[in-house]
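Comments concern the structure below.
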């Protein structure tokens, strides 16, 4: 084939080198290709959208099977994973510049996180190299093992499900709609399998079977796109009578905790809350949403101060304010006699009577090293707690459940990081009518992080068929419809202060993923594993190609 001829021409000068230099040259080439594979797949994600980077998956598959040993395949996967997560998560370093005393930790955060997450990719490619059979059926084994470890990445030690392969497709587009059937992890399996089906074009095997593999991969991608296009064409966006105000005060994280700025922050939120409606039809908002950790003070202090009166005067009778605040609670069983929660309060405006707390949601899934210190007692004893400036941990609340909101439909609250996790929102029994995602992306400034978070959170709308009202201190705040699309001009980007008064979209019917959860994913994984592993007793495994060693 033409591809093989090109590769032969490329390899000819290297074959002519002396043995030691040839071995070193191939090793360096393999390292560079592994880094390219990982970086390419990372740049395929929003906000970059370089979709040709998806060819990184078949490239990684080829590098794994042409490694001389299982250990070599592990390092190919680890290198690719390191590049993938470095490109996708470099913005975590931005959070360490908020506090100048922690700035020295930024390079370590930007490198240690991808180094750790890369272990999942390395384990997947090592297992693939160990068991891969010959023939195009090996594509299914690669995709299944890769996605099993991606699922584990999202669950082990509370998980970090940032940028799974399925979220490569921009939420709200045609390809993303397949998540309504199988969820984002199911879409990951389909994406990796379909793109990896092009890998057999390079290497041994019957030309016919190699072309069939690539053809099936292309057909799968086209079919997913057609399904999504049809689903979007049939979408019937309708709105409820509820109007939601999203408040974005453009508060930068580096100035948030300065005593000099506290009063201006409170005044911004109060003024934005009280300003006249921006609705074309003149309807005032029923629900007002402030972001996570809106004010640089605990709920206990805010409610006991004069600020509570100013906030109450800004909220009209009959309106409900959803506000993110940290809170403390006395608990004699806790190490220091109290527990602390990252919470969202539902406050009902009652005129002269002030505000009444109607519901409190405590964040369930906490951020390691941000909201709690893993192995806290040990880390404290060796002095690490003082290094990360965490005097105490937040406590995790119960598993998320919908809450009742006066004057509005029932809502599922997801605070910040929780919007990354599929399955927190009931899909059938007990299903809410909408999702509120109160977040604080100000930690990451005007980087790719907030834009990726918006894309990932929007997948929860596609999976559940529920609209999402998303509020952050400085972008991106938006109303998202049940198909994962931003409603009209409802978005507020980073660096913008203002409000959006958006009618709340009606939910769709219960999606297939809402009814079945990850069962289709499990069945797909078992089917792929059976088809690819069953022939091992009758077939020879893939032999390494020494030319890439």
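Brief remarks follow.
- Selection within segment 131-162 - in contact with a strand residue (DSSP E or B) (Cβ under 8 Å, 6 or more places away or on another chain), in a helix (DSSP H, G or I) and more than 12 Å from residue 529 (Cα to Cα): 157, 158
- Test set (1) more than 24 Å from residue 174 (Cα to Cα); (2) at pLDDT 95 or above; (3) outside the structural domain of residue 70 (by TED's automatic domain parsing) - residue 483 fails condition number: (1)
- Test: residue 172 is modelled with pLDDT under 95, surrounded by fewer than 22 Cβ atoms within 10 Å (Cβ to Cβ), outside any helix (DSSP H, G or I) and in contact with a helix residue (DSSP H, G or I) (Cβ under 8 Å, 6 or more places away or on another chain): no
- Condition check for residue 314: under 24 Å from residue 475 (Cα atoms) and either out of contact with any strand residue (DSSP E or B) (no Cβ under 7 Å at 6 or more places or on another chain) or modelled with pLDDT under 95 (or both): yes
- All conditions but one from (1) crowded, with 24+ Cβ neighbours inside 10 Å; (2) at positive phi apply to residue 423; the one that does not is (1).
Residue by residue, here is whether (1) outside any helix (DSSP H, G or I); (2) within 29 Å of residue 447 (Cα to Cα) holds:
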residue	(1), (2)
245	yes, yes
300	no, no
309	no, no
327	yes, no
339	yes, no
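- Scoring residue 219 on the criteria (1) in contact with a helix residue (DSSP H, G or I) (Cβ under 6 Å, 6 or more places away or on another chain); (2) in a helix (DSSP H, G or I); (3) more than 19 Å from residue 40 (Cβ to Cβ) leaves a single failure, condition (1).
- Some residue of segment 490-499 being without any contact (Cβ under 8 Å) to a residue 40 or more places away in the chain, touching a helix residue (DSSP H, G or I) at 6+ places or on another chain (Cβ under 6 Å) and crowded, with 21+ Cβ neighbours inside 10 Å: no
- Evaluation of residue 335 against (1) under 24 Å from residue 408 (Cα atoms); (2) surrounded by fewer than 19 Cβ atoms within 10 Å (Cβ to Cβ) (one fails), failing number: (1)
- Condition check for residue 258: without any contact (Cβ under 8 Å) to a residue 60 or more places away in the chain and in contact with a strand residue (DSSP E or B) (Cβ under 7 Å, 6 or more places away or on another chain): no
- Among the residues of segment 508-523, the ones that are buried (at least 21 other Cβ atoms within 10 Å of the Cβ) and within 22 Å of the chain's Cα centre (by Cα) come to 4 in all.
- Here residue 64 meets each of (1) closer than 20 Å to residue 38 by Cβ; (2) not in a helix (DSSP H, G or I) with one exception, condition (2).
- The residue pairs whose first member lies in segment 143-157 and is closer than 15 Å to residue 184 by Cβ, whose second member is part of a loop (DSSP other than H, G, I, E, B), and whose beta carbons are closer than 6 Å, counting only pairs six or more residues apart or on different chains, are 150/164; 154/161.
- Filtering segment 396-405 to residues that are surrounded by 14 or more Cβ atoms within 10 Å (Cβ to Cβ), modelled with pLDDT of 90 or more and not in a strand (DSSP E or B) leaves 396, 397, 401, 402.
- Matching residues in segment 421-465 - criterion: being part of a helix (DSSP H, G or I) and under 19 Å from residue 364 (Cα atoms): 441, 453, 456, 457, 460
- Here residue 157 clears all of (1) on the phi < 0 side of the Ramachandran plot; (2) under 18 Å from the mean Cα position of the chain (by Cα); (3) surrounded by fewer than 16 Cβ atoms within 10 Å (Cβ to Cβ) except the condition numbered (1).
The values are calculated or read from the model by the stated rules, or taken from the named source; none is laboratory data. Predicted, not measured: the structure shown is a model, and the values here were computed from it. Cβ sites come from the backbone with ideal geometry, for glycine too, and all protein chains shown count toward neighbours.
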